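**Student:** Provided herewith is a single structure, encoded as structure tokens, for subsequent inquiry.
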Amino acid sequence: MRQHTAGAVFLYMSEPIIEFRDFGFKYTSQAEPTLFDINLTVGRGEKVLICGPSGCGKSTLAHCINGLIPSSYSGEATGELLIAGTSFRELDIFKLSKTVGTVLQDSDAQFIGLTVGEDIAFALENDRVSNAEMKRRVADVARRVGVEDFLGHAPYELSGGQKQRVSLAGVMVDDVDVLLFDEPLANLDPATGKTTIELIDDIHKSTGKTVLIIEHRLEDVLHRDVDRIVLMGEGRIIADMTPAELLSSDLLVRNGIREPLYITALKYAGVSVNPAIGPQRIDTLRLSDDDIRKVQGWYSDVPSAAALEKGPVLLTAHGIGYTYGNGCKALDKVDVDVRKGEMISIVGKNGAGKSTLAKVICGFVKQQEGKVSLNGEDMAALSIKERADHIGYVMQNPNQMISKPMIRDEVALGLVLRKKLTQEEIDAKVDETLKVCGLYPFRNWPVSALSYGQKKRVTIASILVMDPEVIILDEPTAGQDFRHYTDIMEFLRSLNALGITIILITHDMHLMIEYCSRAVVLCDSEKVADTSCEEVLTDTDVVEKANLKETSLSKLASLCGIGDGQDFIRRFITADREAR
Amino acid sequence: MSGFFNYIDRKSPVHDLTGASKMACLLLWTFAAMLTFDTRVLAVLSVLAVVVMIISRIRISDVKVLFWFSFVFMVLNNLLIFLFSPEHGVTIYGTRHEICHLFWRYNLVQEQLFYQLNVILKYISTIPVVITFVSTTDPSEFASSLNRLGVSYKIAYSVSLALRYIPDVQREYNDISVAQQARGLEMESRKQSLVKRLKNAATMIFPLIISSMDRIEVVANAMELRGFGKGKKRTWYSARPFRFADGFATAMCVLMLAASIVMNIINGSRYFNPFV
């Protein structure tokens, strides 16, 4: 099952720092083991990406390396794990923290100190380092990650990227041998994600530390080289090979990981993807004339998507201005028109005003300037509840929305509270909604028995049951692997096909080009673009301003001498949708 | 958001004191005010308390919530004293100078008024100091000062983390609250009965607890991964060396406590009696 390559074997020659030998692990709370027969050796100074779909065991593997297992999560381990030559049975989380530094996914929660300086010093404080030495070491490491000017700043004064740098400094201050990144790209806007990958790479090159990255967003990590990719699935290691080899195989697709888009496009075009063409990054890709002809031929054969019919304008936000109580401007003269039946996205960097715009539309906050109207009628006089009859809002974290223990009750809540229907009518409506959402078989289950993706569906169902004309979703697919992402998005598309207008707030460029016809781009409280998604992503000026990221497809198009990058993206998406 | 415990970052001599000495001063000051009912001592303490607050450059507008809360509490306390024992002053001072009759069993008596003036002075002599303390001490300094005064650092740190996450939890509660209102939960309306409103609030608490538990797990893991809880002691990045001002402030507060005790001894009781 497991596939090795000569390249990987060669790398084993360096002194090993992490060695799993026939390792297995079972959580106390679970009947079945989470990890089976893990054999993995990471050499000192290597840079390894561990990827796999949700529930494949990659986080469990990370917890075994950093000691959260067994410190926070108990269970039974079999086999052997050596960290810097010492068996894990003789180590604990504190001893391990001297060797392995972990940067967690949520850089907000990881921010423990009250200021940048204090947060970086946290590990030193616990080691009883003297105050003077602490100040010196903090200043030193802050300079290395580029946050030396912010030592006195509080977390909320920093951008997402700066917080990530502080997290990194906080583990580097201990001079650990291994840096372990647990989904470093979640919650970051595309450009910040890109900078983070560059930062990790620079640190790796300048310090020679061993770097482990756990992430399912493969294309984004591969923006800079990694030595090896370990692909996991169902608790086992499926592949352990160089990026070029893995991308040349069909293992990624078979195991629910999205390939980089340019690779998918090449495969559709019938180009043979093999290590010789340098497939690991778009910049290393070398296509022969024959390959280029294949891509061009494929491009002209694929039909272009039919232009969508435009419905009447449903929702208008005009001249919206919103300033927070502390004088901070969140929205400045923003105009948005949404037509009936559209599926659009609102994108832009962290803190650009995306969520505030959604809150203004839902009436959660009151704008100081401008007007929101639905079907031409001003909504200013409507309460939150009355607006919600027309516009539903689904929060990012389903746990923040679900308030009833049983699925049925949760979905029915909005109708029960509105008291307009009889019990029979409510039951019928709830059944119908549960069927649309594919939750009918679970109707009498407790919410706690559902997976994250299913909970997300429950929250969408609980909004859908009220028959809104518009649904606004905040980051509907954050933290989801490719399969769950496709599930949720295809579900939203089916709702859209039923005539419900959908507005998505997102950082995910794939999601935007694949599912939305139009993107509204916000940047520093102003609207900077409002046009088709392909046009947004091929406009370098907007991409740069709003911290977005150009897709590799447009680079592939120009590599193959295809002038109309936008059309290439459009045709790719049509073809990809048919293939899936 | 004007939270309850809000550290206000300004430059002032009070901000420059170390957390530990501020904490010690606060305790000494409160004892000094608690031990006595001597009007002269309380008057001096009240004036000093206001002076301390002015020196700290904390304005009333910064601490509105806390200020009004204490004010309402003070009025309520006085009202209740009067309602339940309208002639408590007479028992204390041993004389009775009636000004006029009010209604039923309530009379306006000089001794009672004087006694309640002392109660008000007690508030005025302590509240500004407490407000100054919470607004000039940041949570991590607060933790390090508790630790220096002998409290285990794990407990001290959890107190400071709790204080720190209050604004986050408030924000999250707001988010949850609007989302639930959108689903039809009435919160603001006075039409609802109290029971109904409490029930509605419970609907919001459920998601709040679940998401707070998630957050606690992540923070606890993050702290442990960086060695929190490893040793019996730890050092503090925010710790500052004791300066002359710290010694001076603490000494002044010790003197105040001493003066308060000495006055009690001279008076022969906790009360200063102008009626004999």
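The values are calculated or read from the model by the stated rules, or taken from the named source; none is laboratory data. Since we're looking at a predicted model, the values are computed, not measured. Cβ: placed from backbone, ideal geometry, glycine included. Neighbour counts: every protein chain shown.
**Student:** Which ones in the stretch A:56-70 are part of a loop (DSSP other than H, G, I, E, B) and touching a residue at least 40 places away in the same chain (Cβ under 8 Å)?
**Tutor:** A:Cys56, A:Gly57
**Student:** Of the numbered conditions (1) modelled with pLDDT of 90 or more; (2) touching a helix residue (DSSP H, G or I) at 6+ places or on another chain (Cβ under 9 Å); (3) of a type in the set (Asp, Glu), A:Glu526 fails exactly one; give the number of that condition.
**Tutor:** So A:Glu526 meets the others, but not (2).
**Student:** Name, by its number, the condition in (1) surrounded by fewer than 22 Cβ atoms within 10 Å (Cβ to Cβ); (2) assigned to a loop (DSSP other than H, G, I, E, B) that does not hold for A:Ala428.
**Tutor:** It is condition (2) that A:Ala428 fails.
**Student:** If we scan the stretch A:462-472, do we find a residue that is within 14 Å of chain B (Cβ to nearest Cβ), in a helix (DSSP H, G or I), among the polar types (S, T, N, Q) and over 20 Å from A:Ile569 (Cα atoms)? Spell out the reasoning first.
**Tutor:** Let us first name the residues in the stretch A:462-472 that are within 14 Å of chain B (Cβ to nearest Cβ), namely A:462-468, A:470-472.
Checking which are in a helix (DSSP H, G or I) leaves us with A:462-464.
If we keep only those that are among the polar types (S, T, N, Q) as well, we get A:462.
Now drop any that are not over 20 Å from A:Ile569 (Cα atoms), which leaves A:462.
Within the stretch A:462-472, one or more residues are within 14 Å of chain B (Cβ to nearest Cβ), in a helix (DSSP H, G or I), among the polar types (S, T, N, Q) and over 20 Å from A:Ile569 (Cα atoms).
**Student:** I need the full set of residues from the stretch A:157-180 which are within 25 Å of B:Asp168 (Cα to Cα) and under 21 Å from the mean Cα position of the chain (by Cα), in order please.
**Tutor:** Listed by number, the residues that qualify are A:Leu158, A:Ser159, A:Gly160, A:Gly161, A:Gln162, A:Lys163, A:Gln164, A:Arg165, A:Val166, A:Ser167, A:Leu168.
**Student:** Continuing with this model, one more query. Residues in the stretch A:117-125: is at least one surrounded by 21 or more Cβ atoms within 10 Å (Cβ to Cβ) and touching a strand residue (DSSP E or B) at 6+ places or on another chain (Cβ under 9 Å)?
**Tutor:** Yes; the residues of the stretch A:117-125 include at least one that is surrounded by 21 or more Cβ atoms within 10 Å (Cβ to Cβ) and touching a strand residue (DSSP E or B) at 6+ places or on another chain (Cβ under 9 Å).
**Student:** If you don't mind, another one. In this structure, does A:Pro468 turn out to be modelled with pLDDT under 95, on the phi < 0 side of the Ramachandran plot and touching a Gly at 6+ places or on another chain (Cβ under 8 Å)?
**Tutor:** Working: modelled with pLDDT under 95: yes; on the phi < 0 side of the Ramachandran plot: yes; touching a Gly at 6+ places or on another chain (Cβ under 8 Å): yes.
Yes, satisfied.
So that you can scan it fast, the table gives a plain yes or no per residue for (1) under 30 Å from the mean Cα position of the chain (by Cα); (2) touching a residue at least 24 places away in the same chain (Cβ under 8 Å):
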{"position": "A:Val360", "(1), (2)": "yes, yes"}
{"position": "A:Asn375", "(1), (2)": "no, yes"}
{"position": "A:Ala380", "(1), (2)": "no, no"}
{"position": "A:Val394", "(1), (2)": "yes, yes"}
{"position": "A:Pro398", "(1), (2)": "yes, yes"}
{"position": "A:Ser403", "(1), (2)": "yes, no"}
{"position": "A:Met406", "(1), (2)": "yes, yes"}
{"position": "A:Leu417", "(1), (2)": "no, no"}
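**Student:** Sort out for me the strands (runs of 3 or more DSSP E) sitting completely within the stretch A:325-424 that have 1 or more residues that are touching a Lys or Arg at 6+ places or on another chain (Cβ under 6 Å) and away from chain B (no Cβ under 14 Å).
**Tutor:** Output list reads A:329-339, A:343-348.
**Student:** Being touching a Phe, Trp or Tyr at 6+ places or on another chain (Cβ under 6 Å) and either outside any helix (DSSP H, G or I) or modelled with pLDDT of 85 or more (or both) is the filter here, so list the residues in the stretch B:144-174 that pass it.
**Tutor:** Here is the first cut: in the stretch B:144-174, the residues touching a Phe, Trp or Tyr at 6+ places or on another chain (Cβ under 6 Å) are B:144, B:147, B:160, B:163.
Once the filter is applied, which keeps residues that are touching a Phe, Trp or Tyr at 6+ places or on another chain (Cβ under 6 Å) and either outside any helix (DSSP H, G or I) or modelled with pLDDT of 85 or more (or both), the stretch B:144-174 yields only B:Asn147.
**Student:** If A:Leu287 meets every condition in (1) part of a loop (DSSP other than H, G, I, E, B); (2) aliphatic (A, V, I, L, M); (3) under 30 Å from A:Ser355 (Cβ atoms) apart from one, which number is that one?
**Tutor:** Condition (3) is where A:Leu287 drops out.
**Student:** Quick test of your reading of the structure: A:Pro446 fulfils all but one of (1) without any contact (Cβ under 8 Å) to a residue 40 or more places away in the chain; (2) surrounded by fewer than 17 Cβ atoms within 10 Å (Cβ to Cβ); (3) within 33 Å of the chain's Cα centre (by Cα); (4) closer than 24 Å to B:Phe206 by Cα. Name the failing condition by number.
**Tutor:** Every condition holds for A:Pro446 apart from (1).
**Student:** What are the pairs with Cβ atoms under 9 angstrom where one residue, in the stretch A:463-476, is more than 29 Å from A:Pro190 (Cβ to Cβ) and the other, located anywhere, is part of a helix (DSSP H, G or I) and not aliphatic (A, V, I, L, M)? Sequence gap at least six, or different chains.
**Tutor:** Sorted first by the residue in the stretch A:463-476, then by its partner, the pairs are A:Leu464/A:Thr433; A:Val465/A:Gly414; A:Val465/A:Lys429; A:Val465/A:Glu432; A:Val465/A:Thr433; A:Met466/A:Gly414; A:Met466/A:Arg418; A:Asp467/A:Lys429.
**Student:** Here are A:Gly351, A:Gly370: which of them is in contact (Cβ under 8 Å) with a residue 24 or more places away in the chain, surrounded by fewer than 20 Cβ atoms within 10 Å (Cβ to Cβ), under 24 Å from the mean Cα position of the chain (by Cα) and at positive phi?
**Tutor:** Residue meeting the stated conditions: A:Gly351.
**Student:** Scanning the stretch A:126-138 for residues that are more than 9 Å from chain B (Cβ to nearest Cβ) and either touching a residue at least 60 places away in the same chain (Cβ under 8 Å) or loosely packed, with under 14 Cβ neighbours inside 10 Å (or both), which turns out nearest to A:Lys349 (Cα to Cα)?
**Tutor:** Residue satisfying both the conditions and the ranking: A:Arg136.
**Student:** Out of A:Gly113, A:Gly160, I need the residue that is over 21 Å from B:Ser160 (Cβ atoms), touching a helix residue (DSSP H, G or I) at 6+ places or on another chain (Cβ under 8 Å) and modelled with pLDDT under 90. Which one?
**Tutor:** A:Gly160
**Student:** Can we say B:Ser140 is crowded, with 16+ Cβ neighbours inside 10 Å and either modelled with pLDDT under 85 or more than 9 Å from chain A (Cβ to nearest Cβ) (or both)?
**Tutor:** Judged against the criteria, B:Ser140 is a match.
This table checks each residue for (1) within 27 Å of B:Met53 (Cβ to Cβ); (2) at the interface with chain A (Cβ under 10 Å from one of its Cβ atoms).
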{"position": "B:Val129", "(1), (2)": "yes, no"}
{"position": "B:Ser144", "(1), (2)": "yes, yes"}
{"position": "B:Gln170", "(1), (2)": "yes, no"}
{"position": "B:Ala179", "(1), (2)": "no, yes"}
{"position": "B:Leu185", "(1), (2)": "no, yes"}
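**Student:** Another question, if that's okay. Give all pairs with beta carbons closer than 7 Å in which a residue from the stretch B:212-241 that is at the interface with chain A (Cβ under 7 Å from one of its Cβ atoms) and among the acidic types (Asp, Glu) meets a residue that is outside any helix (DSSP H, G or I) and surrounded by fewer than 17 Cβ atoms within 10 Å (Cβ to Cβ); count only pairs at least 6 apart in sequence or on separate chains.
**Tutor:** Matching pairs, first to second residue: B:Glu224/A:Ser72.
**Student:** Just to be sure before I move on: is A:Asp149 touching a Lys or Arg at 6+ places or on another chain (Cβ under 6 Å) and surrounded by fewer than 19 Cβ atoms within 10 Å (Cβ to Cβ) in the structure I sent?
**Tutor:** Answer is no for this residue.
**Student:** Please give the number of the condition B:Ala24 fails out of (1) aliphatic (A, V, I, L, M); (2) touching a residue at least 40 places away in the same chain (Cβ under 8 Å); (3) assigned to a strand (DSSP E or B).
**Tutor:** Exception for B:Ala24: condition (3).
**Student:** Considering only the stretch A:43-68, how many residues are within 14 Å of another protein chain (Cβ to nearest Cβ), over 17 Å from the mean Cα position of the chain (by Cα) and within 27 Å of A:Asp220 (Cβ to Cβ)?
**Tutor:** Qualifying residue count, the stretch A:43-68: 7.
**Student:** If you don't mind, there's one more thing I want to ask. Suppose we filter the stretch B:31-47 for residues that are within 17 Å of the chain's Cα centre (by Cα) and either small (Gly, Ala, Ser) or surrounded by 17 or more Cβ atoms within 10 Å (Cβ to Cβ) (or both); how many remain?
**Tutor:** In the first step, residues of the stretch B:31-47 are kept if they are within 17 Å of the chain's Cα centre (by Cα); the result is B:31-34, B:45-46.
Next cut, either small (Gly, Ala, Ser) or surrounded by 17 or more Cβ atoms within 10 Å (Cβ to Cβ) (or both) only: B:32-33, B:45-46.
Residues that pass the stated criteria total 4.
**Student:** If A:Phe482 satisfies every condition in (1) under 28 Å from the mean Cα position of the chain (by Cα); (2) under 28 Å from A:Ser383 (Cα atoms) but one, which is the exception?
**Tutor:** Among (1) under 28 Å from the mean Cα position of the chain (by Cα); (2) under 28 Å from A:Ser383 (Cα atoms), A:Phe482 violates only (2).
**Student:** Conditions first: (1) hydrophobic (A, V, I, L, M, F, W, C); (2) out of contact with any Asp or Glu (no Cβ under 8 Å at 6 or more places or on another chain); (3) over 26 Å from A:Asp201 (Cα atoms); (4) at pLDDT 90 or above. A:Leu81 passes all but one, so which condition is the exception?
**Tutor:** (2)
**Student:** Which residues, counting only those in the stretch B:52-111, are in contact (Cβ under 8 Å) with a residue 12 or more places away in the chain, under 30 Å from B:Cys25 (Cβ atoms), of a type in the set (S, T, N, Q) and surrounded by fewer than 16 Cβ atoms within 10 Å (Cβ to Cβ)?
**Tutor:** Within the stretch B:52-111, B:Asn77, B:Asn78 qualify.
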